[in-house]
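Everything below concerns the one structure shown next.
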Amino acid sequence: MLYAIKIATRYLTASKAQTALLVFGVAIGVFIFIFMSALIGGLAEFIMARTAGDMAHITIQAEAVDPALLSPADAHRVLLAQEPASQTAAILKDTAAFIPLIESLPGVIGTSPQINGSGFLTRGAQVTQVSINGLEPGKESVIANLAGYITQGTANLGAGGVLLGKTLTQDMNLRLGQTVRVQSSYGIEALLTITGIYEMGSGGPDRRQAYVSLATARTLFKMPQGVTRIEIKLADLYTADALAPRIKALTGLDAKSWTEQAAQLLEALQAQAQTGYILKAFALLTIIIGVASALLLSTYRRRPEIGIMRAMGAGRWFVMVVFVSQGALIGLMGGLFGAAAGYGVLLAFPGRDSFAPGQNGLPIDIAQGAYGLAIVLTTLGAIAASILPARAAARLDPVTAIGQ
Amino acid sequence: MTALLQVQDLVKTFGSGDAETRVLRGVHLAMQTGELAALLGPSGSGKSTLLTILGTLMHPTSGQHSMLGVDLTTASDRALTEFRNQHIGFVFQFHNLLPDFTALENVVFPTAVREGRETAAARTRGQELLVRMGLAERIHFPTANLSGGQKQRVAVARALMNRPELVLADEPTGNLDRASAAQVMDLIAEINRDEGTTFLISTHDEKIAALCQRQIVVGEGLVTG
């Protein structure tokens with residue numbers, strides 16, 4: 001085996017230009033493989049960061065309880081018409097008991113108890129409908145990175161303060177420090193000072209959202225205790241499907257994974273990943289075809305030598321190993337050079353930190369280059385590619401081969 | 001002297017039907033250890049085919065072929081390869097060395113391929129053989145840098161590497177000038193005399209044949225003398 005590898009190495013070093021060209025070709029294929037991995041993987045991360053990045057990964061919402069129906073004993077049929085319970089939001093009580101429990105779970109990086117509802121923002125004669133989100137001070141940026149989106153003022157929510165989107169302030173000609181009147185769907189009003197203006201970059205939140213402190217929201221929505229929902233952020237959003245049922249089992253609350261609400265996004269990402277697999281498979285196929293054709297040529301060129309080796313007592317297996325080793329060495333060298341080149345080029349890109357909303361990043365992630373996989377697959381591919389030429393070499397009739 | 005090899009009623013045909021060519025038509029031949037024999041005959045007489053079958057590089061169509069008491073007629077490719085490696089050496093007309101290897105690497109090849117690596121013992125033996133062939137200064141030379149005569153002497157050294165009982169030489173001097181041819185033949189005769197290695201040399205050259213103890217003549221697919 002060692003001797004066969006020595007012969008293989010000698011054959012490769014004897015034709016330096018040809019070997020260099022072959023290794024270069026393989027390295028190009030590996031480079032494409034790695035770049036595609038970094039691009040497809042990075043793109044998925046980028047999309048996730050820019051879409052699901054500001055989403056809650058698990059949401060616990062109180063289940064609305066329908067009014068009890070008292071049916072007459074002799075009635076066979078009952079027609080029931082029920083208006084949406086816009087005035088009476090379902091409440092999650094005893095949050096102080098289970099929030100620490102949820103936060104202690106592995107993978108949970110933060111929770112945000114909230115009171116959400118709708119209302120109107122009034123400034124002079126101008127009135128705009130808004131969604132009012134009551135957040136716990138100090139937890140403003142647990143879910144959406146509000147602090148990162150702030151363009152004026154601060155994200156810290158104090159009593160009597162409100163954060164508004166940039167578009168909304170432009171529409172209503174509002175400025176930082178001004179006072180606005182907020183009226184909830186319960187008809188309760190509060191005068192709030194604009195302490196921060198944010199810009200998330202999407203129309204809805206920038207035009208229709210108003211963030212207030214949890215204490216302000218309690219007043220506006222007549223909710224002295226409890227919250228309407230708890231949003232949970234995870235270190236890895238892909239663990240949400242596994243963690244949501246666990247939270248439900250632990251707390252008895254209806255915990256829902258983000259994937260239930262963003263199934264289409266998930267499907268799109270999976271389709272994108274599959275496209276990546278196809279592209280990478282083509283890169284690998286190119287490597288295999290290149291190595292196989294080069295080794296077939298080498299086999300043809302070295303037919304007399306194969307005949308001599310067989311005449312001197314080298315078995316078919318030995319000849320096989322010589323040619324398969326050449327394939328493996330070409331694959332390994334090409335893999336290493338390609339991986340090094342890929343890593344070097346990817347170093348120039350800003351990386352995953354730039355995927356966060358508000359950053360000017362490119363969707364290429366150096367950490368997803370799949371370098372080890374590229375080297376292993378290329379070496380295995382090159383070995384597979386060399387089997388056909390190696391078999392052809394091993395089957396050569398020594399008498400015919402020597403005569404050529 | 002003891003019996004080394006024996007072939008009986010050896011037949012070899014190529015092709016089939018109307019294209020069938022019968023190259024050997026029932027050859028009978030026996031050789032003893034330590035013989036230095038010349039294989040003579042015109043082109044197309046079947047010399048090379050006989051040499052190839054004796055070298056276990058080809059199966060006969062029919063007949064019997066045995067060497068050192070081993071029946072080689074129907075042995076498997078693997079068994080023939082191992083037998084060839086241990087008991088038979090080859091010297092070809094065009095030396096047929098591995099071009100990307102040095103003289104020493106070529107010589108030790110038959111041992112290295114059997115043992116899976118180049119051992120120190122094999123390298124020592126290879127160096128001794130090259131010194132004996134008068135190539136002490138060329139041991140580590142790439143074979144591409146050697147003259148025709150030097151290459152053929154490397155080929156002789158390689159044939160002797162595994163101490164084979166039989167060396168088959170197909171026109172070993174056919175491609176050499178007179179001085180180089182004489183040098184190679186002197187070496188063959190010396191090894192035959194000193195080590196008792198059997199040589200069967202295929203040649204057209206009557207002078208080479210005259211240097212051998214025995215002349216085996218092949219004509220029209222039969223041993224005629």
Residue within segment A:205-219 that is surrounded by fewer than 15 Cβ atoms within 10 Å (Cβ to Cβ) and out of contact with any Asp or Glu (no Cβ under 6 Å at 6 or more places or on another chain) present: no
Scope segment B:167-197; condition buried (at least 22 other Cβ atoms within 10 Å of the Cβ) and under 10 Å from the mean Cα position of the chain (by Cα); matching residues: B:V167, B:L168, B:A169, B:D170, B:P172
Residue in segment B:63-81 that is closer than 30 Å to B:D177 by Cβ and surrounded by 14 or more Cβ atoms within 10 Å (Cβ to Cβ) present: no
Condition broken by A:I375, with the remaining ones in (1) in contact with a Gly (Cβ under 6 Å, 6 or more places away or on another chain); (2) not in a helix (DSSP H, G or I) satisfied: (2)
Which numbered condition B:E115 fails, given (1) over 23 Å from B:T52 (Cα atoms); (2) charged (D, E, K, R); (3) more than 10 Å from chain A (Cβ to nearest Cβ): (3)
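Return the residues of segment A:119-146 that are of a type in the set (A, V, I, L, M, F, W, C) and over 21 Å from A:I58 (Cα atoms); say none if nothing qualifies. Before you say what the answer is, go through the steps one by one.
First pass over segment A:119-146, keeping only residues of a type in the set (A, V, I, L, M, F, W, C): A:120-121, A:125, A:127, A:130, A:132, A:135, A:142-144, A:146.
The answer is A:F120, A:L121, A:A125, A:V127, A:V130.
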Inter-residue pairs, beta-carbon under 7 Å, first facing chain B (nearest Cβ under 7 Å) and surrounded by 24 or more Cβ atoms within 10 Å (Cβ to Cβ) and in segment A:299-315, second part of a helix (DSSP H, G or I) and among the basic types (K, R), 6+ apart: A:G313/B:R84; A:G313/B:R114
Residue within segment A:176-196 that is under 21 Å from A:T59 (Cα atoms) and either at pLDDT 90 or above or out of contact with any Phe, Trp or Tyr (no Cβ under 7 Å at 6 or more places or on another chain) (or both) present: no
Tally of residues being of a type in the set (G, A, S) and free of Cβ contacts under 8 Å to residues at least 12 places away in the same chain across segment A:164-203: 2
Checklist (1) part of a strand (DSSP E or B); (2) within 33 Å of the chain's Cα centre (by Cα) applied to A:T122, failing item: (2)
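Considering each of A:A20, A:A56 in turn, give the residue that is modelled with pLDDT of 90 or more, away from chain B (no Cβ under 14 Å) and on the phi < 0 side of the Ramachandran plot. Walk me through it before giving the result.
Working: A:A56 fails: modelled with pLDDT of 90 or more.
Being modelled with pLDDT of 90 or more, away from chain B (no Cβ under 14 Å) and on the phi < 0 side of the Ramachandran plot holds for just one of A:A20, A:A56, which is A:A20.
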Flag for B:A122 being over 23 Å from A:R303 (Cα atoms), more than 8 Å from chain A (Cβ to nearest Cβ), of a type in the set (A, V, I, L, M) and in a loop (DSSP other than H, G, I, E, B): no
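A quick yes/no check of all residues on (1) facing another protein chain (nearest Cβ under 9 Å); (2) in contact with a Phe, Trp or Tyr (Cβ under 9 Å, 6 or more places away or on another chain); (3) in contact (Cβ under 8 Å) with a residue 40 or more places away in the chain:
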residue	(1), (2), (3)
B:L50	no, no, yes
B:L54	no, no, yes
B:H59	no, no, no
B:S62	no, no, yes
B:H65	no, no, yes
B:V70	no, yes, no
B:A75	no, yes, no
B:A79	no, no, no
B:R84	yes, yes, no
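The values are calculated or read from the model by the stated rules, or taken from the named source; none is laboratory data. Source: prediction; values computed, not measured. Glycine also receives a Cβ, built like all others from the backbone with ideal geometry; neighbour counts cover every protein chain displayed.
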